[in-house]
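To start, the structure itself, in structure tokens.
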Amino acid sequence: MTRITVVSTFTAIADQGKVDLGECDLIQMTVQEVKMEVELIANVPYQKQSLWWKGYILDQDDQSLLRACVGVNEGEVIDANDESLLLFMTIPVDTSDCDGSRESSRIRSPSFDINTVKQEIAKKGSLVGNTCTIS
């Protein structure tokens with residue numbers, strides 16, 4: 001039996017950013033079953049989850065973890081007797097919370113918007129040409 005842990009961002013999996021699924025049989029447990037367990041424990045919808053192992057997406061839900069966790073290089077596999085298995089989970093970014101004032105493809109934090117920074121500095125009289133000095 002192998003202890004399976006799924007990790008993600010704190011915004012995807014609240015509190016600790018991970019879900020411990022406990023001891024599981026890698027030969028029997030499928031990718032879909034992992035996603036269903038994560039949905040039950042962490043309330044992350046099954047359909048939104050993408051699971052990853054060492055940078056490889058586990059995109060065939062009906063495969064067992066033993067068959068799904070295979071890399072492209074020879075020998076890049078898991079062992080059915082491994083003590084632990086760490087999987088990463090991603091979910092799509094939800095942009096529906098945007099206030100609509102910007103195009104969704106250009107959403108970014110105003111603190112990194114150089115035009116906003118230039119405008120603020122210009123108000124304080126420290127802008128010279130296209131350069132600015134932040135002190």
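The values are calculated or read from the model by the stated rules, or taken from the named source; none is laboratory data. It should be emphasised that the depicted structure is a prediction, and the values quoted were computed from it without experimental measurement. Cβ coordinates were reconstructed from backbone atoms using ideal geometry, including for glycine residues, and neighbour counts include every protein chain displayed.
Regarding residue 128, is this residue over 22 Å from residue 25 (Cα atoms), at pLDDT below 90 and aliphatic (A, V, I, L, M)? Here the answer is yes, as residue 128 does meet what is asked. For segment 21-38, which residues satisfy the criterion of being in a strand (DSSP E or B) and over 19 Å from residue 54 (Cβ atoms)? Answer for segment 21-38, where residues must be in a strand (DSSP E or B) and over 19 Å from residue 54 (Cβ atoms): 22, 23. Taking the numbered list (1) out of contact with any helix residue (DSSP H, G or I) (no Cβ under 7 Å at 6 or more places or on another chain); (2) more than 16 Å from residue 17 (Cα to Cα) in turn, residue 58 passes all entries but (1).
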